[in-house]
1. Of the residues B:Leu190, B:Leu203, B:Leu162, B:Leu133, which is more than 19 Å from the chain's Cα centre (by Cα), over 16 Å from B:Met331 (Cβ atoms) and of a type outside the set (Phe, Trp, Tyr)?
2. Quick test for you: out of B:Gly13, B:Gly45, B:Gly98, pick the one residue that is in a loop (DSSP other than H, G, I, E, B), out of contact with any strand residue (DSSP E or B) (no Cβ under 7 Å at 6 or more places or on another chain), under 29 Å from B:Arg318 (Cβ atoms) and modelled with pLDDT of 95 or more.
3. If you scan segment B:402-414, which residues turn out to be within 9 Å of chain A (Cβ to nearest Cβ) and of a type outside the set (Lys, Arg)?
4. Select from segment B:384-401 the residues that are buried (at least 21 other Cβ atoms within 10 Å of the Cβ) and away from chain A (no Cβ under 11 Å) and list them in ascending order.
5. Which of the residues belonging to segment B:212-230 are among the hydrophobic types (A, V, I, L, M, F, W, C) and without any contact (Cβ under 8 Å) to a residue 60 or more places away in the chain?
6. Six or more apart or on different chains, Cβ atoms under 7 Å: show the pairs whose first residue is in segment A:54-67 and assigned by TED's automatic domain parsing to the domain that holds A:Glu14 and whose second is assigned to a loop (DSSP other than H, G, I, E, B) and surrounded by 22 or more Cβ atoms within 10 Å (Cβ to Cβ).
7. Just one of A:Ile37, A:Ile129 is over 30 Å from A:Ser200 (Cβ atoms), away from every other protein chain (no Cβ under 14 Å) and crowded, with 17+ Cβ neighbours inside 10 Å; which is it?
8. For segment B:114-140, enumerate the residues that are part of a helix (DSSP H, G or I), among the charged types (D, E, K, R) and closer than 15 Å to B:Val93 by Cβ.
Amino acid sequence: MRFAGIDIGSRTIELVVVDPTGEILLSLQADTGFDPIAEAGKLLAGVAYDRIMATGYGRSLFEISFDAPTVTEIKAHARGARAFFPDAHTVLDIGGQDSKAIALLENGRVRKFEMNDRCAAGTGKFLEIMAATLGFGIEAFGPEALRARKGLSISSMCTVFAESEVTSLIARGGNRGEIARGVHSSVIRRAAGMINRISSQGDIVFTGGVAKNPCMCHLLAEKLGRTVLLPDDPQLVGALGAALLAAEASALQD
Amino acid sequence: MSEDYRPMWADLGLDLKAHDALLGVLGNAYQDIFLSQKERPEGMGYFDFVMSEVHGLRIKELLDEKAAGRKIVGCYCVFVPEELVLAANATLVGLCAGADFATDAVERLLPRNTCALIKSTFGFKLGKVCPYLESADMVVGENTCDGKKKAYETLDHLVDNLFVMDMPQAKSAQGKSLLKAEYYRFKSALEDLTGVAVTVQSLRQAIETVNAKRAAIHRLSALRKADPAPISGLDALLANQVFLYDNPARFTDAVNKICDELEVRVENKMGVSAARKPRILVSGCPQAVPNWKLPFIVERSGAVIVGEESCVGERGTRNLTDASGESVDEMMEAITDRYFKVDCAIFTPNPDRLAHIEEMAAAYKADGVIHYGLQFCQPYLMEAIPVEKALEEKNIPCLRIETDYSNEDAGQLKTRVEAFIEQLR
């Protein structure tokens, strides 16, 4: 049996296929674009699987179009994080349009979670817009910020206001790298607040696209004084979790 | 609606075009949220009818009462004693609104950061779409939260006969005497309005009428303790919402009929669904018609709501009023006793509410509690944090929601609610 998990996020779609032991057989990624279901269909074309489970903000659309069961990103990331780090008790997932801090019980079930509400503050989209305002490519944004010796303070978490704050710092001759670091720090302040509300100690597994940013990982560890663990590909964690949950659901039925 | 009510609405000064739009939205929402449910008790047909005629037949009844010389009193809070209103030969109707309306006009009078309930109240007035408000001969405000008490200062310029009642903020002897004094002042104002003096007989009769209505709701609540739950949280919430719109005696009958039906269901272990669903207690701010946003998301996500710790729910209907008093003064004392127990978050400290939440979570066998807070509702949002902490210490999972009437956050809310339900499975 082959079990697939598909994570339809606001920016990207990931597909993971595992065997019954949880070994990853295949992983694929695509941009979500404006028609997530069409993109998901393309990604699935030619991929062999027996069962599939969907997660991510597009999961309900997928459920209707593909008649597949769904799971929230929260449970999927919790499950996926445990596959990489069996002792994980705290997970931080920062994706394209939302961020979540998740605390796990001993047995891996979700104990409690915090999630940003409404706007893009403190998410991947926020970083993307700030990178563009500062003239950095998204890949270079983290490394450049990490190189800066200090961060210039950004106080606003609203994407629109923060952008004008950044623009005025540029106008005042602020160093681009230092502004970039300030932007990273502002996102970390918010993420750290969420983590502190649900868990006070232990390692943190960082997942989602934003975990690929080295400055975010560095600042998160520094801010909380806790070890930050990174999966091989943090963006795949949600899809992997969904695939593993599909396998477990199937095992329960048999 | 079967009859053409447009001339009636026009006479009340409603903006017919805006009102049509509101009824259109309401009708569609009711279809999607209520009528699409499966395994509904047949008795809910009564409430379907009430909702289909909510601005029609019920308003006509009120206007007929007015034509016969009876007065209509509107209110925004469960601290307004219906017993006194009925005893003075008037009818009490709730005016709280659960939908955004005429927001631009509202924000010319109130700060944007005002809770949705207050804004909605103003929106229905400014948008001229609430026939209840326009039928009312007296509107009662009460100094509960800061938002409401300051908003009444402005509302006073918009309605003809606003009576504002002061409210204690602490459960002290002084607090209680303030409430009692205000209830006497309210009684006089009602007597002046109707020209009818409250007597021992009329007050006892009124207490019994309201108690019967409460007892019917208590019976409905008790049936919801059964596992599987015999009725959806949405349908039970609707009954609680109609509590303050309908004719009391007819409402009591309708709820009792549903209970007869539910008793059979409970006996046969029949629930709203075959599969076992996680059971949720909702606690916090009131949910006025047509604010069905949270329960709709919760029940669509596969859980069932088994109780509401809310003004529109058990906080509003808990405890009967002692009808045994032999004088008006004794019964006034009993009324004060009953209402003074309401554990509204405007009181400080307010330990009874936490005790009631824990009690309800146990009695209704709730797997988890969702704390429902309206954005900018300081009293309930403040209490939400200690409530969550206390519940978690007892290993009762709790999800704190802070939202408003808009659908802007529906996607986020759905994810959070679904994840919470996954946590309970």
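1. None of the others qualify; the one that does is B:Leu162.
2. Exactly one residue qualifies, and that residue is B:Gly98.
3. Scanning segment B:402-414 gives B:Glu402, B:Thr403, B:Glu408, B:Asp409, B:Gly411, B:Gln412, B:Leu413.
4. B:Ala384, B:Val387, B:Leu391
5. Hits for segment B:212-230 are B:Ala212, B:Ala216, B:Leu220, B:Ala222, B:Leu223, B:Ala226.
6. Taking only residues 6 or more apart or on different chains, the pairs are A:Thr55/A:Val71; A:Thr55/A:Thr72; A:Gly56/A:Gly9; A:Tyr57/A:Gly9.
7. A:Ile129 is the lone residue from the list that is over 30 Å from A:Ser200 (Cβ atoms), away from every other protein chain (no Cβ under 14 Å) and crowded, with 17+ Cβ neighbours inside 10 Å.
8. Result: B:Lys125, B:Glu134.
The values are calculated or read from the model by the stated rules, or taken from the named source; none is laboratory data. Keep in mind that what you see is a predicted model, and the values were worked out from it rather than measured. When we count neighbours, we look across all protein chains shown, and the Cβ atoms used for this are built from the backbone with ideal geometry, even at glycine.
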